[in-house]
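Notes to accompany the following structure.
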Amino acid sequence: MPTRPDDFSRRSFLRSTATISAGALVARYAPTGLIHVEATAAMRQAAAQKDPLAARRAQMGSIPIQKTALGSGLAMLSGPGGNVVVLHGSEGKIVVDSFVQPAWPALKATLDELPGGAIKTLIDTHWHFDHTDNNGSFRQAGATIVAHENTKKRMTESHDLLGMHFDPSPASALPTETFPDRQLLRANGEELAMFYVPPAHTDGDIVVQYRNANVLHMGDVFFNGFYPFIDASTGGNINGMANGAERALKLANARTKIVPGHGPLGDRAALDRYRTMLATIRDTVQKLKGSGQTLQQVQAAKPTAQFDEAWGKGMMSPNDFVALVYNTL
Ligand SMILES: [Zn+2]
């Protein structure tokens, strides 16, 4: 952990996050009720090889896909990675996010079972592997891939994150169309508006608004029900997270269905609780850090206490989250 307020750097951030074991993280990432997944042969093999990325892919990939109808030719798929939303109809399937590689056969079968035409477009909400891991499979299936320009840039770099190493993605898995600010896509009687969110969870986040169906896909700018991970190594920071949640609230009304990157389907009230949690903890930590307190002192002051019962039982423990907030302020 960084020991002084000025000790934060990418290296120290990675040291601090590396203390969260990849295995514990996988278990805590999984939706409630699905965390006791049988170890597969691939998982045991990966663990034996001490490859945390392969182990995490295998564990996440073995989680079954759950389907939730969102109405108007829209379905949300959950399980082996970040939440996926599919718009299906005669003009083809538009998919947001793609699960991890081992889930591809199950994802392809689920997509094929949905009514409508072939897979046409994949949209990446950000570069993280649990959202983009099947880019190559989608391109092989004939899809174009749309993302923010920073997502493509991040995918061409190597990264070390949460104990996992990522090589640059092959050219055959990169987005084929990028945009800097916003993009509109029309298909199957629906309008998909993609908005760039200035650096929040990463520096390439987008939210996708389905205007006719009144659905929002927030990517990992929204973790519904637990403290979010913030990837400071690729530009994420707590102010961006709070501002992103604030901006998304303006796109929503009481009937909007809001899909988080991780966690159950939410609504405007859930997103508002999340924004309040982020802003309150940010303000408290800011005040303590501004008065010269070290990270350890701030953690000892338990600035998240009033939120821990509701938000502290997921991927990030209260202390992990305080470190992310402190280090990105
Ligand atoms: Zn992410």
Contact list please: Cβ distance under 6 Å, first residue in the range 270-299 and touching a residue at least 24 places away in the same chain (Cβ under 8 Å), second residue open to solvent by 40 Å² or more (accessible area, probe 1.4 Å) and not aliphatic (A, V, I, L, M), pairs at least six apart or on different chains. 275/246; 299/319
Among the residues of the range 270-288, write down those that are over 11 Å from residue 224 (Cα atoms) and open to solvent by 10 Å² or more (accessible area, probe 1.4 Å). 276, 279, 280, 282, 283, 284, 286, 287, 288
Taking the range 199-213 and keeping only residues that are farther than 18 Å from residue 78 by Cβ and more than 16 Å from the ligand (Cβ to nearest atom), one is left with 209, 211, 212
Residues located in the range 123-143, provided they are of a type in the set (Ser, Thr, Tyr) and either part of a loop (DSSP other than H, G, I, E, B) or in contact with a Phe, Trp or Tyr (Cβ under 9 Å, 6 or more places away or on another chain) (or both): 125, 137
Inside the range 214-247, can you point out the residues that are more than 14 Å from the ligand (Cβ to nearest atom), closer than 22 Å to residue 130 by Cα and in a helix (DSSP H, G or I)? 238, 245
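For every residue, the table says whether it meets (1) farther than 16 Å from residue 97 by Cβ; (2) open to solvent by 50 Å² or more (accessible area, probe 1.4 Å); (3) modelled with pLDDT of 95 or more.
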position: 139; (1), (2), (3): no, yes, yes
position: 143; (1), (2), (3): no, no, yes
position: 148; (1), (2), (3): no, no, yes
position: 152; (1), (2), (3): no, yes, yes
position: 156; (1), (2), (3): yes, yes, yes
position: 173; (1), (2), (3): no, no, yes
position: 182; (1), (2), (3): yes, yes, yes
Of all residues in the range 299-329 being assigned to a loop (DSSP other than H, G, I, E, B) and in contact with a Phe, Trp or Tyr (Cβ under 7 Å, 6 or more places away or on another chain), the one that is surrounded by the fewest Cβ atoms within 10 Å (Cβ to Cβ): 313
Might you check whether a residue that is within 16 Å of the ligand (Cβ to nearest atom) and either in contact with a strand residue (DSSP E or B) (Cβ under 6 Å, 6 or more places away or on another chain) or within 19 Å of residue 203 (Cα to Cα) (or both) occurs anywhere in the range 305-319? no
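Quick grid of which residues meet (1) under 21 Å from residue 64 (Cα atoms); (2) within 16 Å of the ligand (Cβ to nearest atom):
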| site | (1), (2) |
| --- | --- |
| 77 | yes, no |
| 106 | yes, no |
| 112 | yes, no |
| 123 | no, yes |
| 127 | no, yes |
| 149 | no, no |
| 152 | no, yes |
| 168 | no, no |
Residue among 280, 276 that alone is part of a helix (DSSP H, G or I) and out of contact with any helix residue (DSSP H, G or I) (no Cβ under 8 Å at 6 or more places or on another chain): 276
Quick check on my filter: what residues within the range 90-104 are on the phi < 0 side of the Ramachandran plot and either more than 15 Å from the ligand (Cβ to nearest atom) or of a type outside the set (Gly, Ala, Ser) (or both)? 90, 91, 93, 94, 95, 96, 100, 101, 102, 103, 104
Pair list, Cβ < 7 Å and 6+ apart or interchain, from the range 206-230 residues that are under 19 Å from residue 183 (Cα atoms) to residues that are at pLDDT below 95 and not in a strand (DSSP E or B): 212/72; 213/72
Those residues of the range 248-265 which are in contact (Cβ under 8 Å) with a residue 24 or more places away in the chain, away from the ligand (no atom under 15 Å from the Cβ) and in a loop (DSSP other than H, G, I, E, B), in sequence order: 251, 252, 253, 255, 256, 264, 265
Just to be sure before I move on: is residue 176 touching a residue at least 12 places away in the same chain (Cβ under 8 Å) and either within 16 Å of the ligand (Cβ to nearest atom) or out of contact with any strand residue (DSSP E or B) (no Cβ under 7 Å at 6 or more places or on another chain) (or both) in the structure I sent? no
When restricted to 86, 96, the only residue surrounded by fewer than 23 Cβ atoms within 10 Å (Cβ to Cβ), closer than 18 Å to residue 194 by Cβ and either acidic (Asp, Glu) or in contact with a Ser or Thr (Cβ under 9 Å, 6 or more places away or on another chain) (or both) is 86
Hey, residue 102 part of a helix (DSSP H, G or I) and touching a residue at least 12 places away in the same chain (Cβ under 8 Å) or not: yes
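The values are calculated or read from the model by the stated rules, or taken from the named source; none is laboratory data. Bear in mind the structure is a predicted one, so any value in this text is a computation, not a measurement. When we count neighbours, we look across all protein chains shown, and the Cβ atoms used for this are built from the backbone with ideal geometry, even at glycine. We work out accessible area using only protein heavy atoms, side chains counted, and drop any ligands, DNA or RNA first. Shrake-Rupley method; radii C 1.70, N 1.55, O 1.52, S 1.80 Å.
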